[in-house]
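See structure below.
The values are calculated or read from the model by the stated rules, or taken from the named source; none is laboratory data. Keep in mind the model is a prediction, meaning the values are calculated, not measured. In this analysis, Cβ positions are derived from the backbone assuming ideal geometry, glycine residues included, and neighbour counts consider all displayed protein chains. In case anyone asks, the SASA skips ligands and DNA or RNA and just uses the protein heavy atoms, side chains included. Shrake-Rupley method; radii C 1.70, N 1.55, O 1.52, S 1.80 Å.
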Amino acid sequence: MYNAYTRYVRRHDDDDDDDDVLQKASTSSNLLECLSIITKILMGIAHSVYTFVQLIFTTIYPVEKSLKNNVILVTGAGRGLGREMSMQLAKEGAKLICVDINADGVKETADAINDGWAGQGAVADYYTTNVAEPSEANELARAVEEKWGRVDVLINNAGIVASAPIMDATDEQIRRMVDVNLVSHFWMIRAFLPAMKKRNDGHIVATSSVAAFTCAANIVPYAATKYGVTGLMASLREELRSDPSVANIKTTTVHPFFLDSSPINVKHWEVKSAMPIVSIPQVASAAIRGIKREYAVVTVPELLRFIMHVVWILPQKSADYWRDTFSSQINKA
Ligand SMILES: NC(=O)c1ccc[n+]([C@@H]2O[C@H](COP(=O)([O-])OP(=O)(O)OC[C@H]3O[C@@H](n4cnc5c(N)ncnc54)[C@H](O)[C@@H]3O)[C@@H](O)[C@H]2O)c1
């Protein structure tokens, strides 16, 4: 007898069958998803091992590009690290565009290069520019590209510092540090990147600091700008990497520890450090080696990057202990 009860039971039997089919389909799709994730993880591990082996191999037998005849623009070239990088790059036979807000300093650097290394094909030009002003950065790009045709390597190195507790730094000091140390990178990159993109060729370098991997009292605004530069450069690299039409544009971010600046330079800070501070020539040559090997990150000394990352993953109180025991203390200069 086919009655309402039979219809009810049949409908529910059909529903149960549908549920079974759906459940089986969902279980097998979950299984496939799981397998795909496990495969990706295994491939990731294999890829990491491969890149570690490759790193060891390329450290022993490095592949370096030549910078001879490259047009290289260095900001903050009027003294300190910028001047030293310009000098060392000149020895490599590069054509230097020295840029600084300090007209006398930048002329001195260019004159020293033209007098010293002209025989090796080095030549230097100089521009007095405030890189923290977007209109000046754009005008610089226009003038340099008109005269030199291209910029192969852009080194954003200009920076300033004032060491003081946060409440003692003036509003003007904080604003200026953010403008010169961080915001100027945006203006310079946006002024020079379009031509690099057109050629799908170029290299953008930034001088950050070990301050971007750690923390220290009395340089709160400075450290914040250096974290900013490191973040800017890492994300810029991702943006370039995600577009195959500009894949040949490289980035390098340099993180120096405290420099033993020459006494003629303005003293930035008094440092009490358990680690030996580094020399300006040492940082300049590490930065240039990093550019030639197309490293994304250069730290001087290299070991410090590893130590800082280990300290980051420690429990906070343990990290504080290591910092208190071994880290640098910065006093107002
Ligand atoms: N000195 C250190 O211990 C240390 C440590 C780590 C990182 N750094 C970074 O290295 C870079 C160079 O430092 P340094 O010790 O050679 O400094 P420095 O003061 O000796 O030289 C910086 C140069 O930048 C120029 N400059 C400043 N403002 C400018 C602007 N608005 N436009 C154009 N040029 C400008 C200055 O005139 C100067 O010639 C900076 O970015 C600094 O933050 C320095």
What is the one condition in (1) at pLDDT below 85; (2) outside any helix (DSSP H, G or I); (3) closer than 21 Å to Val298 by Cα that Val63 does not satisfy?
(1)
So, first residue among the polar types (S, T, N, Q) in the stretch 123-139, second residue open to solvent by 30 Å² or more (accessible area, probe 1.4 Å) and within 9 Å of the ligand (Cβ to nearest atom), Cβ within less than 6 Å, six or more apart or across chains; the pairs are Thr129/Glu136; Asn130/Ile101; Asn130/Glu136
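Matching residues to (1) more than 21 Å from Thr58 (Cα to Cα); (2) open to solvent by less than 70 Å² (accessible area, probe 1.4 Å); (3) in contact with a strand residue (DSSP E or B) (Cβ under 8 Å, 6 or more places away or on another chain):
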position: Glu270; (1), (2), (3): yes, no, yes
position: Ile291; (1), (2), (3): no, yes, yes
position: Trp312; (1), (2), (3): yes, no, no
position: Gln329; (1), (2), (3): yes, no, yes
Of residues in the stretch 267-281 being of a type outside the set (Lys, Arg) and out of contact with any Leu (no Cβ under 9 Å at 6 or more places or on another chain), the one farthest from Gly159 (Cα to Cα)
Ala274
So, first residue without any contact (Cβ under 8 Å) to a residue 60 or more places away in the chain in the stretch 59-78, second residue of a type in the set (D, E, K, R) and crowded, with 24+ Cβ neighbours inside 10 Å, Cβ within less than 8 Å, six or more apart or across chains; the pairs are Gly78/Asp100
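Condition first: within 19 Å of Pro256 (Cβ to Cβ), near the ligand (Cβ under 9 Å from one of its atoms) and modelled with pLDDT of 95 or more. Can you find one or more residues in the stretch 146-157 that meet it?
Yes, some residue in the stretch 146-157 is within 19 Å of Pro256 (Cβ to Cβ), near the ligand (Cβ under 9 Å from one of its atoms) and modelled with pLDDT of 95 or more.
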Name the one entry in Asp111, Asp115, Asp171 that is under 30 Å from Ile330 (Cα atoms), among the acidic types (Asp, Glu) and either over 26 Å from the mean Cα position of the chain (by Cα) or not assigned by TED's automatic domain parsing to the domain that holds Ala90 (or both).
Asp171
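Find the residue count for the stretch 67-106, including only residues that are farther than 17 Å from Val151 by Cα and assigned to a strand (DSSP E or B).
The initial filter retains those residues of the stretch 67-106 that are farther than 17 Å from Val151 by Cα, namely 78-81, 83-84, 87-88, 91, 101-106.
This time we only want the ones that are assigned to a strand (DSSP E or B), so: none.
Of the residues in the stretch 67-106, 0 are farther than 17 Å from Val151 by Cα and assigned to a strand (DSSP E or B).
Could you check the stretch 107-223 for helices (runs of 4 or more DSSP H) lying wholly inside it with 2 or more residues that are under 25 Å from Gly93 (Cβ atoms)?
Those helices (runs of 4 or more DSSP H) span 134-148, 184-199.
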When you go through Phe186, Phe192 one by one, which is the residue that is at pLDDT 95 or above and open to solvent by 20 Å² or more (accessible area, probe 1.4 Å)?
Phe186
Just for the stretch 104-116: of the residues that are open to solvent by 50 Å² or more (accessible area, probe 1.4 Å) and either under 21 Å from Val278 (Cβ atoms) or in contact with a strand residue (DSSP E or B) (Cβ under 7 Å, 6 or more places away or on another chain) (or both), which one is farthest from the ligand (Cβ to nearest atom)?
Asn114
Given (1) over 21 Å from the mean Cα position of the chain (by Cα); (2) surrounded by 10 or more Cβ atoms within 10 Å (Cβ to Cβ), Ile60 misses just (2)
The stretch 195-219: number of residues that are more than 10 Å from the ligand (Cβ to nearest atom) and at pLDDT 95 or above:
11
Residues that are more than 11 Å from the ligand (Cβ to nearest atom) and either of a type in the set (S, T, N, Q) or in contact with a His (Cβ under 6 Å, 6 or more places away or on another chain) (or both), drawn from the stretch 68-85
Asn69, Asn70
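For the stretch 124-139, how many residues meet the condition of being more than 10 Å from the ligand (Cβ to nearest atom) and crowded, with 17+ Cβ neighbours inside 10 Å?
Number satisfying all stated conditions: 3.
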Cβ pairs under 6 Å, 6+ apart or interchain, first in the stretch 189-203 and at positive phi, second not in a helix (DSSP H, G or I), ordered by first then second residue, are Asn200/Asn248; Gly202/Ile249
